[in-house]
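The values are calculated or read from the model by the stated rules, or taken from the named source; none is laboratory data. Everything numeric here is computed off the predicted structure, so don't read it as measured data. Backbone-built Cβ (ideal geometry, glycine too); neighbour counts: all protein chains shown. These accessible areas exclude ligands, DNA and RNA; they are computed on the full protein's heavy atoms, side chains included. Shrake-Rupley method; radii C 1.70, N 1.55, O 1.52, S 1.80 Å.
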Amino acid sequence: MLVEFSVENYKSFKERATLSMVAANITSEDPDLDKNAVVPISANLGLLRCAGVYGANASGKSNVVSAIASMRSFVLDSSSKMTAGDKIGVEPFRLSTETANAPSLFEVVFRLDGIQYRYGFEVTQEAVVSEWLFSVPKKAEKCLFRRTNQDIEVHKELRAEWHPLTEFTRPNALFLSVMAQFERKLPKELNGWFDRLETTVGLHDEYRNFTLMLVNSDSLKNNVISLIRSLDLGFEDIHLSEPDATLVSAYANLDGDLKDTLTTLSKRPLSSHIIYDNGGHPVGQAEFEIDKNESHGTRKLVALAGQLYSLLRRGGVFVVDELDARLHPLITRRIVEMFNSEITNPDGAQLIFVTHDTNLLDKSLLRRDQIWFAEKDRFASTHLVSLVEYKPRNDAALEKNYLQGRYGAIPFLGDLTRLPGASNEI
């Protein structure tokens with residue numbers, strides 16, 4: 001599970017900003033909310049299942065998702081997909097002479113198999129400036145390795161296994177990624193945690209194919225369809241069309257697994273709707289191509305369904321920008337409720353979402369420590385602040401207070417009547 005994520009000198013983040021999933025020492029009006037929203041780790045640590053980030057347009061809240069996605073991508077790809085001389089995809093805070101040429105920092109604290117790790121790095125577009133990995137097997141942190149440019153120091157217990165790989169570590173590659181590529185056990189497991197850290201923006205079409213694979217599975221289809229039905233999208237079933245004959249012929253010489261996957265992805269998803277007669281009795285079903293005939297919101301939910309089902313079944317971290325885009329508020333709320341429940345989310349999957357949906361600012365749905373605000377200061381630098389820091393009362397009207405500006409992170413709108421020509425007829 002994710003404990004916290006920090007970023008500094010990246011896009012709109014000039015100073016270090018941290019999004020924490022650590023449950024604060026607070027209690028809600030409804031004790032069931034505290035029980036459901038918090039996963040107990042130890043006597044002194046509980047982790048939150050959900051966190052929502054609010055803010056005005058251009059406040060930098062989407063850059064939280066971008067920063068996490070950039071860190072994930074560099075961890076997974078810097079060794080295997082980049083070559084010497086390739087640029088590192090980071091963009092420093094450009095509105096200060098202090099940071100324009102300084103490295104960007106990314107750090108994550110997470111738990112894996114009962115042990116807490118702290119891993120991070122500083123990078124410019126040309127090279128890794130520093131990198132570190134710590135573990136907390138008991139109480140005190142232990143440094144597993146520390147890197148400064150190309151100088152890498154490895155803990156004595158791991159030196160024989162890890163240190164020989166320092167010579168294969170390019171200036172624009174992470175040491176952790178190199179070790180994972182060379183099948184070192186712990187780095188490969190840590191790399192796997194990043195692989196399960198999912199991020200997405202927009203209509204989430206990148207997950208559509210995963211949903212289609214599950215719908216094509218005899219053992220998993222009903223579970224995915226049940227989740228879709230619970231969101232009341234207006235159809236009874238999803239199934240796949242026959243595969244494209246031309247593509248099937250082209251795949252004939254491929255090996256079995258790859259052939260089956262490509263054949264499945266060549267099929268078109270179809271939704272089944274009930275046909276009624278004049279008396280309101282069901283008389284049959286009509287099929288519609290989802291990609292052509294269903295709304296953007298429905299297509300978004302179908303694309304997300306497989307990923308949502310998988311996360312709720314096996315755990316993981318899902319970071320979503322614009323969760324509420326194209327969705328009815330009740331559907332957005334239902335998705336949050338599914339994650340924020342020990343019943344529907346027994347393995348502690350975590351959902352971090354960026355949203356403008358103020359209906360979710362409900363003390364019966366989210367704890368105060370699950371609500372975050374992104375706001376820029378006068379130097380256009382984004383800061384992250386938890387609602388807990390404002391110390392609202394348990395019975396505070398969170399949505400009303402937020403829209404009234406009591407927690408900041410809202411737009412300051414100008415007077416439209418003062419626009420040039422505003423009084424003229426159009």
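Residues considered: K142, K376, K292. Largest GNM mean-square fluctuation over the chain, using C-alpha springs under 10 Å, is found at K292.
Estimated purely from DSSP H runs of n ≥ 4, each contributing -39500 (n - 2.57), the mean residue ellipticity at 222 nm for the chain is -8000 deg cm²/dmol once divided by its residues. If a/c stays under 1.5 just call it rounded; otherwise compare a/b with b/c (prolate if a/b is bigger, oblate if not). Do that for the range 77-178, with a ≥ b ≥ c from the square roots of the Cα gyration tensor eigenvalues. Note, shape of the range 77-178 comes out oblate. Once the 1.4 Å probe is applied to the protein heavy atoms, the range 162-243 comes out at 46 Å² accessible per residue.
Annotation: amide H-H contacts under 5 Å for L47 (H modelled 1.01 Å from N, sequence separation of 5 or more, or interchain): A23, V39, I41. Here the range 319-362 has 50 percent of its accessible surface on carbon and sulfur atoms, given a 1.4 Å probe and all protein chains in place. Counting only other residues whose beta carbon sits under 14 Å from that of K259, what net charge do I get with K and R as +1, D and E as -1? Taking every other residue near K259 into account, the sum is -3. Applying a DSSP loop filter and a limit of 13 other Cβ atoms within 10 Å to the GluC sites (Glu not before Pro) in the range 162-222 leaves E183.
When the solvent-accessible area of the range 1-156 is split by element, carbon and sulfur atoms take up 47 percent of it, the probe being 1.4 Å.
Just to confirm a number: summing +1 for Lys and Arg and -1 for Asp and Glu over residues other than P137 whose beta-carbon lies under 13 angstrom from that of P137, what do you get? Combined, the nearby Lys, Arg, Asp and Glu give +2. T169 contributes an accessible area of around 10 Å² to the protein surface, as traced by a 1.4 Å probe with all chains present.
Of the residues T166, T27, the one with the largest accessible area comes first in the ranking T27, T166, computed with a 1.4 Å probe on protein heavy atoms. Averaging the Cα positions of each part gives two centres, and for the range 1-43 and the range 179-197 these lie 24 Å apart.
Taking the centroid of alpha carbons for each part, the range 85-151 and the range 62-80 are 12 Å apart. Per residue, the solvent-accessible area of the range 10-108 (1.4 Å probe, heavy atoms of protein chains only, all protein chains present) comes to 45 Å². In percent, rounded to a whole number, the relative contact order of the chain is 20, using alpha-carbon pairs under 8 Å and six or more apart. For the range 264-347, the solvent-accessible area of protein heavy atoms averages 46 Å² per residue (probe radius 1.4 Å; ligands and nucleic acids excluded).
Qualifying trypsin sites (Lys or Arg not before Pro) in the range 56-105, where qualification requires a DSSP coil assignment and no more than 14 other C-beta atoms within 10 Å, comprise K81, K87, R94.
Pairs K267/K292; K188/K221; K156/K188: which are spaced more than 21 Å apart, C-alpha to C-alpha? Over 21 Å Cα-Cα: K188/K221.
Translational diffusion coefficient, Stokes-Einstein: compute it for the chain using the Kirkwood radius over C-alpha pairs as Rh, at 10 °C and 1.306 mPa s, and state it as an integer in µm² s⁻¹.
66
Who wins for biggest fluctuation among T358, T298, T332 in a Gaussian network model of the chain, springs between alpha carbons below 10 Å? The residue that fluctuates most here is T358.
About its Cα centre, the dipole of the chain is roughly 1020 debye, where the only charges are +1 on Lys and Arg Cβ and -1 on Asp and Glu Cβ.
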